[in-house]
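The values are calculated or read from the model by the stated rules, or taken from the named source; none is laboratory data. Just so we're clear, the structure is a prediction, and the values are computed from it rather than from any experiment. So basically every Cβ, Gly included, is an ideal-geometry build from the backbone, and we count neighbours across all protein chains shown.
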């Protein structure tokens with residue numbers, strides 16, 4: 001079994017057994033989706049080899065911090081990742097590259113390298129796709145779990161503000177996702 005497959009199975013075991021129940025958006029399915037999209041965007045950006053491997057590792061680990069806390073889960077995710085990747089014999093510089101990608105998913109996103117841009121865009125790829133509304137429903141359910149007073153109207157305001165401030169970073173995402181994301185923003189604003 002490859003190192004990636006071992007790590008993948010290990011992390012998904014943790015996500016499936018240790019994530020809090022209220023997480024309807026930040027769930028194992030989201031992690032699987034982000035890995036798939038990170039791999040796709042990497043290929044579109046001509047990233048392969050060891051860099052692609054590290055992108056997949058970062059996508060795999062990007063939300064593992066949620067097993068401990070919601071706030072600043074990226075920092076916690078880096079702590080967990082540092083421990084875990086040492087066990088899998090990753091070099092220290094590669095561990096820091098992975099942590100840079102995990103931190104690039106923190107809102108507001110400020111990726112500095114192409115690999116960080118790829119993982120940041122993969123994490124929010126759905127904003128510019130047909131999956132925006134079904135995935136947003138999962139996010140609404142998660143938010144409502146933590147704030148039972150949240151209304152759909154207030155959630156739409158949160159979504160609209162988020163879409164206004166969000167920017168894609170890779171050439172691929174700007175070209176293929178931005179227009180659809182703007183369409184979603186217009187649709188939400190038209191119902192408010």
request  = May I ask you to list pairs of residues, at least six apart or on different chains, whose Cβ atoms are under 6 Å apart, with the first in the range 97-110 being touching a residue at least 60 places away in the same chain (Cβ under 8 Å) and the second being buried (at least 20 other Cβ atoms within 10 Å of the Cβ) and not in a loop (DSSP other than H, G, I, E, B)?
outcome  = 109/120
Given (1) farther than 17 Å from residue 19 by Cβ; (2) part of a loop (DSSP other than H, G, I, E, B); (3) in contact (Cβ under 8 Å) with a residue 60 or more places away in the chain, number of the condition residue 54 does not satisfy = (2)
message = Looking at the range 1-19, can you tell me whether even one residue there is within 13 Å of the chain's Cα centre (by Cα), at pLDDT 95 or above, within 24 Å of residue 141 (Cα to Cα) and surrounded by fewer than 20 Cβ atoms within 10 Å (Cβ to Cβ)?
response = no
ask   = Is it the case that the range 61-80 has a residue that's surrounded by 15 or more Cβ atoms within 10 Å (Cβ to Cβ) and under 23 Å from residue 171 (Cα atoms)?
value = yes
